[in-house]
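Asks: Here you go, one structure.
FYI, it's all coordinate maths here, none of it is from the lab. Keep in mind that what you see is a predicted model, and the values were worked out from it rather than measured. Cβ sites come from the backbone with ideal geometry, for glycine too, and all protein chains shown count toward neighbours.
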Amino acid sequence: MTTMELTQYDPIKAQIHELLTLNAKLAFDYRDPKGNKEARSHIRVLRLKKGDVERVRVVAKADALEYGRKVDSVAKELTTALDDAISVHQAPLDEIEAVEQAKRDEVARVEAEKKAAEEKAEQDRQAAILKAIQHEAELAKAELEAERAKAREEQIRRDAADKARQEAESKAQAERDAARAREEAQSKALLAAEQAKLTAEREAVAAKERAIEETKQAAEQAKADQEAAVIKAWQDAARQAKEKTDAEAEIFSLAVLPYAEYVSKEEAVRAVLERLGAAGGEYVVEGHCQLSFTHTWRILPS
């Protein structure tokens, strides 16, 4: 097989080889502004060369497509000639094969019809058998239903008898329970009456004892209150007698007062009189005016 020589890439291959050789030797300081700029410039040259490669590829592929169309056209002419040569001999063979296939199809049809007839006969036989089985099953089902109905009726009768028996037993038990309950209620009532009577008697005794105790305590308290009242009366009388004696002594010390001194001590004199009144004494005040323009007061018992 002939191999196409892609000579279109030869000029650019040499240029790319030089660039790759240079690229292997270059080292840039990417953090330095100058080195960064040089690296970007070198990358731009490489990318431009990629564009050159693409342009060569487009031209070369267009030539290849045209060549491929020519190859397909020649192949089609040759194939058509061979197909015509084959048809000359294949047509009689196809006719013979068609006749043989028709015979085989007829045999197959006959066999299929025979098989279908046999299958239908078998299906009819099976259907008849199934119908007979179903009929027998229906008869058996009817007999079973009759037996079940009879069993249900028998069960209903038994249930009714059991229910009547249970109701009778329940009624008898209820009557026994009611009689027992009445007896228990009567017993409880009698017991409760006895307990109530005992409780009432105990409470009456307790109430009587409480009344006696309360009467005793009331008498003791009355006696204590009377004694306290006597002591308090005696203490109050002694205190009033002392207050009266003290007030009388003070008031008699003020029996004769000059007018000017009376004016200054008037409130004190009246306070003494109030105390005397509180102590149970009754007093009056009288006075007269002398030529010396003095006011003489005497405080006398009423």
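Asks: With θ taken as phi - 60° and the coefficients 6.51, -1.76 and 1.60, list the Karplus ³J(HN,Hα) couplings across segment 99-111 in order, rounded to whole Hz; mark glycine and proline as x.
Replies: 5, 4, 5, 5, 4, 4, 5, 5, 4, 5, 5, 4, 4
Asks: For segment 7-115, go through all pairs of different Cα atoms, get the mean of 1/r, take its inverse, and jot down that Kirkwood value in Å.
Replies: Result for segment 7-115, one decimal place: 21.2 Å.
Asks: Given charges of +1 on the Cβ of Lys and Arg and -1 on the Cβ of Asp and Glu, with all other atoms neutral, how large is the dipole of segment 161-232 about its Cα centre, in debye to the nearest 20?
Replies: With Lys and Arg at +1 and Asp and Glu at -1, about 140 debye.
Asks: Continuing with this model, one more query. Quick one: net charge around residue 40, please, counting Lys, Arg +1 and Asp, Glu -1 for every other residue with C-beta under 15 Å from its C-beta.
Replies: Its environment carries a net charge of +2.
Asks: Excluding residue 196 itself, calculate the net charge of residues whose Cβ lies under 15 Å from the Cβ of residue 196, where each Lys or Arg counts +1 and each Asp or Glu counts -1.
Replies: Net charge in that neighbourhood comes out at 0.
Asks: Another question, if that's okay. In whole Å, what are the extents of segment 107-152 along the principal axes defined by its C-alpha atoms, from largest to smallest?
Replies: If we take the Cα atoms of segment 107-152, the spans are 65, 10, 5 Å.
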